[in-house]
Structures are given as structure tokens and as C-alpha cells.
1. Based on what the data block shows, is residue 135 touching a residue at least 24 places away in the same chain (Cβ under 8 Å) and over 20 Å from the mean Cα position of the chain (by Cα)?
2. Looking at the stretch 285-314 only, could you name the residues that are more than 19 Å from residue 157 (Cβ to Cβ) and either touching a Pro at 6+ places or on another chain (Cβ under 6 Å) or of a type in the set (Gly, Ala, Ser) (or both)?
3. For the stretch 1-37, how many residues meet the condition of being aromatic (Phe, Trp, Tyr), farther than 21 Å from residue 238 by Cα and touching a residue at least 40 places away in the same chain (Cβ under 8 Å)?
4. So how many residues does the stretch 243-265 have that are of a type in the set (D, E, K, R), under 15 Å from residue 11 (Cα atoms) and not in a helix (DSSP H, G or I)?
5. Report, ordered by the first and then the second residue, all pairs with beta carbons closer than 9 Å, sequence separation of six or more or different chains, a first member in the stretch 286-314 that is farther than 10 Å from residue 178 by Cβ, and a second member that is surrounded by fewer than 18 Cβ atoms within 10 Å (Cβ to Cβ) and of a type in the set (Gly, Ala, Ser).
6. Give all pairs with beta carbons closer than 6 Å in which a residue from the stretch 82-98 that is surrounded by 22 or more Cβ atoms within 10 Å (Cβ to Cβ) meets a residue that is among the charged types (D, E, K, R); count only pairs at least 6 apart in sequence or on separate chains.
7. Take the residues in the stretch 91-117 that are of a type in the set (Ser, Thr, Tyr) and within 16 Å of residue 4 (Cβ to Cβ), then tell me which one is nearest to the chain's Cα centre (by Cα).
8. Any chance you could count how many residues in the stretch 266-315 are assigned to a helix (DSSP H, G or I) and under 25 Å from residue 175 (Cα atoms)?
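The values are calculated or read from the model by the stated rules, or taken from the named source; none is laboratory data. Please read these numbers as outputs of a predicted model, since none were measured by experiment. Reconstructed Cβ throughout: ideal geometry from the backbone, glycine too, with neighbour counts over all protein chains shown.
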Amino acid sequence: MTIFLSISSYKDPLLINTLQSAYKNAKNKDSIIFAVVDQNDQKLEVDNFDFFPQLRYHFLPAEFARGCAWARSLAQSLYMGEDYFLQVDSHTIFEQDWDEYFISFYKKLSKKFYRPVISSYPRNFEIEDIETMKIKRHQEDDSNTHVMVIDEENVFKEGYFSMKKGLSIGDNEIKKGFLIAGGCLFSSGSIIEDIPYDPYLYFDGEEDSMAWRLFTNGYNIFHTPNTPIFHYYVDPSNIVTRPFHWDQTEETKRDTNWHDLKQRGRRRLNAIVENNLEGVYALGQAKNLDDYSLFSGLDIKNKQVLDPGNVFNFNKLKDLKWNQDSEKTGIFG
């Protein structure tokens, strides 16, 4: 069983560490196919990696980068029919046997649901010593399920886009969710063909639109306990830093204005919600956004929060059994 591991990077000094961590800690090392889009000033010496034959590496000079969703779409273009798909950020560390973890949960969920999706915001790690790469994992002893909710202070922050956050739920049961994280997204490899990343988005709306497209195409989103990856989140005290595509210093090096890309992405998000888009990047036909509102308590079309307890704190979905068909229980009606 092969895993297509999608990683897009923008001038990230932790990219090499991420690749090495994924390979070192995989139970079935030969089954991992690395799909890497490296937007940088200098290429990696990829033939030095032990897993070079498993590495599909696309280098792009950083001045030609066009944003997160575009890069992830480009990484997906390297797909060649692998069994499973995992997308992570380029600043991620992996726990031992992470591949077996995702596949085993996927198989369990597949017994009840059509092509489930496993996603969450991973727990945080920080680097204590850059020379020795001494790592400190935050919430390492928290094996609870971490779910995703909307940040109450940033709901419908700009149009249809809302900021999200992770929440430790207090138990280790599988939870059915309504949001996804771009930095931890696992499913069947066929998800790339069914619901590919939209290259016309920029950054905001990337996770929102993917969650809506998955839901309306009949996919089911799940949060699982003790996710075996950790993420290096942005913090002013970080020892290792990286530039962002929208930094002013980065802007001077390229012809493409990041603000224009952002506005184009916002128009794209509007087109998705307002059904002014056709084809593979549009909403699906199995369900609609009214169904999503009923399930989640978040009315996307009218930019309203119908169930604050669930949208901001996961109250109703917390008590829902993962293998229960929630849309037939009436608990959101």
C-alpha cells in the first residue's frame, strides 16, 4: 500500500528535516512516495537522500511562486495512482509508524463511510537547539482527539472566509467533523482526481473551500486521536524562521503582486459559494451547502452562525458517535 506524501515548501529551512523525519519514522519506508514542490533560491541535492528513487522533486525559483493552494495543486500533479494521499506542511515532524496509523484508521472508517478523510491541526513542536535539532513537542501526553472549530473572533472575517483553530476535545474517540486542515489531510489517493486542489485560490479560503467541496461530494471528514505528526507553528520566539510569500521583502523579487493573487482567490471563493463555477473545482452534487449548515451549524451562503455551541466549541458533534449517520438523527434540526 503506497502513500503519496504531498509537501509544498516556500523557502523553508525545515524541509529537509521534514522529509527525513517522514522516511525515518515510517513503518513501511519503501511505500512512501514523496511529492515535493520546492519554491526556493537553490535546489536541494536530492540524489543524496537515501530514498531518492521515491522522491518526485519539482524545483521552482521562489520569484515564480503563486501561493499555497497553487503550490499544493502543483504537488498533486506528480500523483501516479498511489493508494493513499497525505498532505502536510514543510515544517512537520512524524512519530514512529505514522503511516500505519493513518492507514489503519482509514480502513476502520471505510467500513462505514465512502472514502473518509482524516484531518486536524497537528500539535505544536518547537526547536530548542538548532545544532542538534533538539525538539520539544507540546501536548505530547495529550492523546485526546483534537477537533477543528471556527475562531469566534474571526468568523466570516473577510467574506466567506473564517479563521479556524484546533481544540482538544477531552476524549480519544473518533469525531466526525466539518472542517479540514491543509497541513494534515489523509485519504484515498483518488481524492486527487475527484477533488483536486484549486490552483486559483491563494491562501485564505483554501481549507474552507476544500471542506465544502468534500462534504458536497459525499466525502466524510473525521478527527482521530493522538495524531502522529507535529507542526512548527509561527511564533516570534522561534529559533528557525522562514519568509512568507506575502512579506514585503519577498514582493520586491517578483512580478506577481501577492495582493492581486489574494483578491483573485477571494473572487474564486465567492464563485464557489454562489455556484458560479462549473467543473471539478465547484461544489459537488451529492449534498449542498444547506446540508452543510444543518450538519455544522454554519450557514456559509448567508454568512450566519446558526449553532454557536457547535461552530465554536464542537458541542453537538462531540457527543455524536463517529459511525452514526448524523444526518438522519435530527439532532441539528
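1. yes
2. If the condition is that a residue be more than 19 Å from residue 157 (Cβ to Cβ) and either touching a Pro at 6+ places or on another chain (Cβ under 6 Å) or of a type in the set (Gly, Ala, Ser) (or both), then 286, 309 are the ones that fit.
3. Of the residues in the stretch 1-37, the ones aromatic (Phe, Trp, Tyr) are 4, 10, 23, 34.
With the extra rule that they be farther than 21 Å from residue 238 by Cα, the set shrinks to 4, 23, 34.
Then keep just the ones that are touching a residue at least 40 places away in the same chain (Cβ under 8 Å); that gives 4.
Residues that pass the stated criteria total 1.
4. The number of residues fulfilling the criteria is 3.
5. 286/218; 287/218; 294/333; 303/159
6. 90/12; 91/12
7. Going through the qualifying residues, I end up with 92.
8. Residues that pass the stated criteria total 15.
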